[in-house]
Structure formats: C-alpha cells, structure tokens
Protein chains: 2
Amino acid sequence: MSSTKVTASAPGKVTLFGEHAVVYGEPALVASIGKRVYVTTELRDDDHVRIVASDLQVPGLTVTFTGEELIVETDYGRTISAVAYLKTAIDVVSKYLGVFKGANIVVRSEMPVGAGLGTSAAVAVATILSYSTALGYALKKEEVARLGWEVEKLVQGAASPMDTSITTYGGVIKVKLLSGNDYEVKALPRVSDLPIVIGYVEREARTKDLIAKVKSLKDRYPEIVDRIIRTIGLITEMAEAALIGSDLITLGELMNVNQGLLDSLGISNRRLSELIYAARSAGALGSKITGAGGGGCIIALAPGNQDAVEVAIRLAGGHAIKTSLGGPGAMVHGW
Amino acid sequence: MSSTKVTASAPGKVTLFGEHAVVYGEPALVASIGKRVYVTTELRDDDHVRIVASDLQVPGLTVTFTGEELIVETDYGRTISAVAYLKTAIDVVSKYLGVFKGANIVVRSEMPVGAGLGTSAAVAVATILSYSTALGYALKKEEVARLGWEVEKLVQGAASPMDTSITTYGGVIKVKLLSGNDYEVKALPRVSDLPIVIGYVEREARTKDLIAKVKSLKDRYPEIVDRIIRTIGLITEMAEAALIGSDLITLGELMNVNQGLLDSLGISNRRLSELIYAARSAGALGSKITGAGGGGCIIALAPGNQDAVEVAIRLAGGHAIKTSLGGPGAMVHGW
C-alpha cells in the first residue's frame with residue numbers, strides 16, 4: 001500500500017505580560033506567534049518509529065526506537081529533549097486511542113528549541129495531531145490540548161496547561177493560576193496581525209532556578225516583592241484592555257514598565273538588557289523579556305519598523321526573529 | 001597688607017535610594033562622598049572679583065566681574081553654570097553680612113560638573129564658607145546650609161535643600177518632602193567608610209525633563225506608577241535600617257530592586273544599564289542609577305572589589321570614580 005502521510009503544525013508562543021507573577025496568582029497574557037513546528041507522519045508496516053528531526057536548530061539528527069529502546073544517531077541535548085516530547089506524544093495518543101502503528105516522523109521547527117518559545121508544547125501538539133490524523137482519527141481541539149498537556153506533565157514532571165493551550169488554539173489567552181494547581185484559561189478576541197521581533201540570546205540560567213530566585217527574593221522581602229508582583233498583575237489587566245482596543249502605544253508603554261519590574265525581580269541580565277534597549281532605540285513601541293528571563297528571549301512590539309528593530313537586535317548581539325502575534329493554532333495540512 | 005587666603009571644601013553627594021519617588025512624598029537617602037570641591041578666597045584691596053575655575057573638568061577658565069559686569073575669558077557651558085553659583089554665593093554672603101570685598105577666588109573640583117553629584121551645591125557651600133571666613137566671620141553650619149539653599153534657589157528658580165544640607169553636614173541624611181514644599185531632613189548615624197564606585201556617562205536628558213517624564217507616566221497610569229513609587233519608599237525605609245545595621249548584602253539587594261523600579265519608570269537607558277550590569281558582574285553587591293537618570297551616574301556598592309568594579313565600568317564605556325560614602329561635610333582648611 002502507498003502509505004498515508006500527514007503533516008500537522010502548531011505555533012510557538014510568547015508571554016506578553018505577567019511571567020513570574022503568574023506563579024503567584026496574577027494573570028498572564030500569552031500569545032501564539034507566526035513561527036511554527038511542523039510534524040509529518042508516514043505510517044509504516046512494522047512497529048518501528050523513526051524520527052528525523054531535520055531542523056531543530058541542529059545540523060540534523062536521526063533517532064530510532066522500538067518499544068523502550070531509543071537509538072540516537074547524533075547526540076544534541078536540546079534536540080533529544082524535543083524528541084522526548086515527540087516520543088511521549090506518540091505513546092499518549094496510542095494509549096488514548098488504543099492503537100499503535102510504526103511510523104516515520106519528520107519534525108521541522110521555524111524556532112530555536114529551548115529558548116522559551118514553547119517549542120516543546122508545539123512539538124507535542126503537532127505530533128499528537130499528525131499521528132492521530134494519520135491513524136485515521138479526527139481528535140477535537142479539546143482532546144489535543146488535554147493530551148498535549150499530559151505529554152508535558154509526563155516529560156517534565158509538572159507543567160502548566162498554558163503552552164499546550166496556546167499552541168492548540170492560537171490567538172491570545174489570559175491564564176490565571178487558581179488554588180490547587182488549577183488554571184483558568186480564557187481566550188481573548190482575535191487580535192489583528194501585530195508585528196513583533198523576538199530577540200534571542202543563549203540562556204545563562206534555567207527557568208526552575210529563575211523561579212526559585214524570585215521566590216527567595218520574595219521570602220526575604222515579602223512586602224516589597226508582593227507589591228511588585230501585584231503591580232505586574234495590574235499591568236497585565238490594563239494590557240488586556242489595550243490589546244483588545246488595539247491601543248499599541250499603551251501596550252508598548254506597559255511592556256516597558258513590566259520590563260523594569262522584571263528587572264527588579266533580578267531575572268534580567270546585561271545581554272537581555274542590551275537587546276531591550278537596542279530595540280527601543282530602533283523605534284520599538286515597547287520591549288521586554290518574554291518568559292523566565294536569565295537569557296532566552298525578548299519581545300519587541302514593532303509595527304512599521306520591524307526591519308530596523310531586527311537589525312538593532314542583531315547589532316546588539318542577539319538572534320532576531322521577525323514574526324507576528326496571535327496567529328492560528330494547531331492545524332492539519334493537506335494529506 | 002599680606003592678604004588673607006582661606007580654603008574651604010565641601011563634598012559631593014549621591015542619592016542612595018528614593019530618587020524620583022521623593023518628588024511624590026516618599027523618603028530618600030542621600031549621602032556625601034569622598035570627592036570634594038575646594039574654594040580658595042584671597043581678599044583684594046579693590047572691589048574686583050576674579051574667579052579661576054582651574055579644574056571644573058574643563059581645561060581652564062578665568063572670569064572677572066565688577067558689580068553686574070561678568071567677563072568670561074573662556075566659554076564652557078557647564079563651568080559658567082558653576083560660576084553662577086559661585087558669584088551668587090558671594091552676593092548672598094555679602095548681603096547677609098553687610099560686607100563686600102573684592103577677592104581672587106580659585107575653584108577646584110574632584111568631580112565632574114553636571115553629572116548629578118551635587119557639585120553646584122558643593123560650589124555654593126564651599127564658596128560661602130571660604131568667602132565668609134576670609135571676611136573674618138565664623139558662620140554656623142545652619143547658616144551656611146541655609147545660605148547655600150538660598151543660592152541654589154536664586155540660580156535655579158527652585159531647589160530642594162537636599163544637596164546643600166548634605167554637602168554642609170556630610171554623612172547620610174534622610175529627606176522627605178512635606179506639604180507646602182517643606183522638607184524634613186534627618187541625619188542618620190555615621191556609617192563606617194563604605195567603598196563605592198561611581199560610573200559616569202554623558203547625560204542624554206535633563207533632570208527637569210526626566211521628572212516630567214515620570215509625571216506624565218504617572219498621569220497616564222496612576223494606579224501602576226503610584227504602586228511603584230510607594231514600593232520605592234518601602235525599599236528606602238528598609239535600606240535605612242540595613243545601612244544603620246551595616247547589612248551590606250541587604251543594602252546591595254535593595255539597590256538592585258530599586259534599580260529595576262527606576263527602569264520601570266522609564267528613566268534608565270542602554271548605557272546606564274550596561275554600567276549597572278558590568279558593575280554587578282564584577283562583584284558589586286548592588287548597583288543602581290543615582291540621581292535623575294537619563295545618563296549621568298550610577299553607583300555600585302563594592303566593598304573589597306572596588307578595583308574590579310572600576311575596571312568593569314571603564315570597559316563598559318563609563319568614567320569611573322572610586323570613592324566612599326558618608327565622608328565629612330563642609331570644612332575650612334588651614335588659613
């Protein structure tokens with residue numbers, strides 16, 4: 001038989017407002033971006049799963065596994081990490097549907113892996129959608145999002161549903177941690193295509209350690225840090241209104257204020273700060289760290305001057321990704 | 001007769017905590033530094049006043065005036081500004097004492113003029129002390145401080161008594177704006193010699209404009225900016241306790257948090273940010289903007305690693321001044 005070949009894709013994400021504060025019950029705004037992860041599944045006649053991660057920001061990698069055995073032909077830490085999401089996604093889908101078939105799977109990413117752009121959630125969700133579709137099933141978005149979250153929890157031990165929600169549905173969501181590790185996720189009205197530039201530098205610290213750093217500061221100076229966190233929450237609420245009203249000037253100003261507060265929590269560093277100021281000098285309406293900080297990404301709101309901001313970020317020593325906010329969620333491409 | 005020659009000096013200052021927030025009623029901590037302005041007065045037999053500003057960070061300058069006529073032999077904006085304080089100080093003292101005599105006056109500064117280190121107040125106070133002593137009067141500190149404030153108000157139109165207080169008394173003071181433009185000034189217990197490094201870059205904005213910028217942000221986002229300002233006030237209160245208790249670790253951490261909040265108010269820029277992060281990388285316990293921002297100075301708390309921090313600031317493109325906090329106030333040297 002000529003085998004079925006299904007490509008699905010899912011977008012990356014940025015946190016627009018509220019990172020770190022979200023850990024303490026404040027709302028956060030998270031948006032999909034125009035850069036995506038593509039996963040193509042071609043079913044095999046045997047029970048082998050062959051994964052080709054041809055473009056996960058490493059020169060090329062082939063992984064083969066049968067049952068529990070995982071053979072990695074080239075060893076690059078981050079890609080392996082992405083592969084873990086992919087393999088777990090296949091396991092989770094097989095278990096959920098009660099069907100397992102071998103497959104050749106090709107992953108391609110338009111984003112750097114491990115930069116905080118939600119690539120792991122995008123890999124998980126695109127794999128779930130691609131593999132389940134290849135198996136002949138049409139999962140609902142709710143199912144895809146839930147299974148994706150399960151994958152993240154299995155690989156990481158714990159995870160918020162934030163990344164898997166946004167990569168499944170796209171657009172902009174408002175997330176709030178409720179008591180007992182539950183999250184409230186609310187979709188915002190679709191925003192028109194907002195041009196942004198993402199700046200990226202190598203991370204110097206891990207998300208876990210940065211969250212612990214903020215917690216330690218909060219433990220030592222509760223009165224001060226609580227106020228800063230609450231202020232970030234207020235900024236996020238105002239930013240939601242500005243986003244819905246397409247008030248980009250306000251949105252940019254609020255990004256800048258939020259950035260100072262993130263800096264006050266000790267999670268910025270010299271290189272991120274250089275990118276942020278370079279973007280503003282080049283005319284960005286606002287710029288801030290996106291995600292945990294400590295290296296990783298910054299986001300600059302750059303309507304009408306994306307090219308200038310891109311150049312400025314490069315000159316300041318960062319990688320620059322021109323894209324837009326709020327693009328479509330996970331989707332199946334022709335098969 | 002062999003003329004009397006009197007040298008008086010007065011220290012520069014840094015704002016440790018609370019700049020900008022002080023405008024809105026929060027406390028600020030201001031400290032004298034080890035760098036000083038020296039003013040030498042030699043009375044003349046005629047009514048000419050000849051000012052030689054030999055070291056106000058310009059190659060040399062001679063100014064002569066008689067009554068209302070001011071002759072400037074070299075025109076450098078900032079020095080002229082310093083000379084205005086000097087000339088007004090002589091006028092104010094003459095009026096206060098009811099005596100005027102011509103004099104040759106030599107000014108020498110160990111600090112850059114116009115960097116926000118309070119050189120104008122130091123020039124005013126050192127001139128008052130030098131000229132009045134040369135005239136044979138022994139003014140009290142209270143009188144010197146009050147006359148110095150008067151000079152600042154006459155030259156600038158409006159002034160807080162902060163700079164003239166700290167340069168007169170030395171040490172560390174806590175300043176709070178009361179209703180009706182009154183200030184509460186409280187001296188803190190003497191601190192032991194705290195090594196700092198001041199980093200200096202050319203200013204890109206004027207104090208007046210930076211204060212207006214914060215006010216505009218506050219008008220547009222009152223709920224957010226009020227919280228940030230109040231949080232700076234709390235930090236200042238905690239810093240006062242840390243300073244009195246010689247808890248330098250806490251002091252440094254609070255400087256870093258305060259810095260983020262200043263950044264959130266929009267008064268930092270890329271160059272200041274580079275200096276701040278460079279100082280921290282070199283081991284400073286804390287670093288922040290001191291004064292209005294927009295270029296100007298940063299201060300780094302650097303016990304045990306002043307040299308490393310000095311080099312780091314220079315490599316980051318700033319001028320570096322190694323000095324200490326809380327040195328003596330205005331004084332008359334041998335005559």
- Task: Go through A:SER216, A:SER287, A:GLY317 and say which Cα lies farthest out towards the positive end of the charge dipole of the range A:194-324; charges sit on Cβ, +1 for Lys and Arg, -1 for Asp and Glu.
- Result: A:SER216
- Provide, in order from the shortest bin, the percent of all Cα-Cα pairs of the range B:186-335 in each 10 Å bin, continuing until the bin that contains the maximum pair distance. 12, 36, 35, 15, 2, 0
- Could you give P(r) for the protein assembly as shown, binned at 20 Å from zero, as whole percent values over all Cα-Cα pairs? 18, 41, 25, 12, 4, 0
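For A:MET255, A:MET162, what's the fewest-to-most ordering of other Cβ within 10 Å of each Cβ? If you can, show how the numbers build up before the last one.
Details: A:MET255 27, A:MET162 22.
Ranking A:MET255, A:MET162 by Cβ neighbours within 10 Å, fewest first, gives A:MET162, A:MET255.
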- Item | Amide H contacts of B:ARG50 (H built 1.01 Å from N, under 5 Å, at least 5 apart or other chain) | B:ALA103, B:ASN104, B:ILE105
- Cα-based Lys pair tally, the range A:158-259, threshold under 25 Å, eight or more apart or on separate chains: 11
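Relative contact order of chain A: what whole-number percent is it, with Cα pairs under 8 angstrom and at least 6 residues apart? Working shown, then result.
Values: 787 pairs, mean separation 83.7, N = 335.
Dividing the mean separation by the residue count of chain A yields 25 percent.
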- For the range A:254-265, take each phi angle, set θ = phi - 60°, evaluate the Karplus expression 6.51 cos²θ - 1.76 cosθ + 1.60, and give the result in whole Hz per residue in order, putting x for glycine and proline. 5, 4, 5, 5, 4, 4, x, 5, 5, 4, 5, 7
- Note on the structure: Given the candidates A:THR41, A:VAL197, B:LEU234, the one whose Cα lies deepest towards the positive end of the charge dipole of the protein assembly as shown, counting +1 at each Lys or Arg C-beta and -1 at each Asp or Glu C-beta, is B:LEU234
- Note on the structure: Per-residue Cβ contact counts at 10 Å, fewest first, order B:LYS215, A:LYS87 as B:LYS215, A:LYS87
- Query: Mind listing the phi-derived Karplus ³J(HN,Hα) values for the range B:86-98, rounded to whole Hz, using 6.51, -1.76 and 1.60 with θ = phi - 60°, and x for any glycine or proline?
  - Reply: 5, 4, 5, 4, 5, 4, 5, 5, 4, 5, 5, 8, x
- Message: Using a 7 Å offset from the Cα along the Cα-to-Cβ direction at both B:THR4 and B:LYS140, what is the distance between the two label points in nm, to one decimal?
- Response: 2.1
- Note on the structure: Once amide hydrogens are built 1.01 Å from N within the peptide plane, the residues lying 5 or more places from B:GLU204 or on another chain with amide H under 5 Å from its amide H are B:GLY295, B:GLY296
- Item | Across the identical copies, how the B:PHE100 labels are spaced - nm, sorted shortest first, 7 Å along Cα→Cβ | 10.2
- Note on the structure: Short to long, in 5 Å steps from zero, the percent of alpha-carbon pairs of the range B:147-274 per bin is 2, 8, 13, 18, 22, 21, 13, 3, 0
- Note on the structure: Once amide hydrogens are built 1.01 Å from N within the peptide plane, the residues lying 5 or more places from B:VAL191 or on another chain with amide H under 5 Å from its amide H are B:VAL172
- Please name which of A:LEU272, A:ALA302, A:LEU243 has its Cα lying farthest along the dipole of the range A:194-324 towards the positive end, using unit charges on Cβ (Lys, Arg +1; Asp, Glu -1) and the Cα centre as origin. A:LEU272
- Query: How far apart are the A:LYS140 label points across copies, placing each 7 Å from Cα toward Cβ, in nm, shortest first?
  - Reply: 8.4
- Note on the structure: Note: chain B at 4 °C, 1.567 mPa s; Kirkwood Rh on alpha carbon pairs; Stokes-Einstein D in µm²/s works out to 64
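At 222 nm, what helix-only mean residue ellipticity would the protein assembly as shown give, in deg cm²/dmol to the nearest 500, using -39500 (n - 2.57) for each DSSP H run of four or more? Mind showing how you got there, number by number?
On the way: 18 runs with 274 residues, N = 670.
Dividing the helical sum by the residues of the protein assembly as shown leaves -13500 deg cm²/dmol.
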- Message: Taking a point 7 Å out from Cα toward Cβ as the label site, list the nm distances between B:ALA308 and the same residue in every other copy, smallest first.
- Response: 4.0
- Size of electric dipole in the range A:155-306: Cβ of Lys, Arg +1 and of Asp, Glu -1, about Cα centre, debye, nearest 20: 280
- Message: Rounded to whole Å, give me the distance from the Cα center of the range A:156-210 to that of the range A:92-135.
- Response: 18
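Using the crude model of +1 on Lys and Arg Cβ and -1 on Asp and Glu Cβ, and no other charge, please compute the dipole size for the protein assembly as shown relative to its Cα centre, in debye to 20.
160
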- In sequence order, what are the phi-derived ³J(HN,Hα) couplings for the range B:231-238 according to the Karplus relation 6.51 cos²θ - 1.76 cosθ + 1.60 with θ = phi - 60°, rounded to whole Hz, with x for glycine and proline? 5, 4, x, 5, 4, 4, 4, 5
- Note on the structure: Simple SL model, points at 7 angstrom along Cα→Cβ for B:VAL191 and A:ASP219; separation in nm is 2.7
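At a 10 Å Cβ-Cβ cut-off, how would you order A:LEU243, B:LEU188, fewest neighbours first? Walk me through the numbers before you get to the answer.
Values: A:LEU243 25, B:LEU188 16.
The most exposed by this proxy come first: B:LEU188, A:LEU243.
Each reported figure results from applying straightforward, stated rules to the coordinates on display, with no laboratory input. Just so it is clear, the structure is predicted and the values come from calculations on it, not from any experiment. For neighbour counting, all protein chains shown are included, and Cβ atoms are generated from backbone atoms with ideal geometry for every residue, glycine included.
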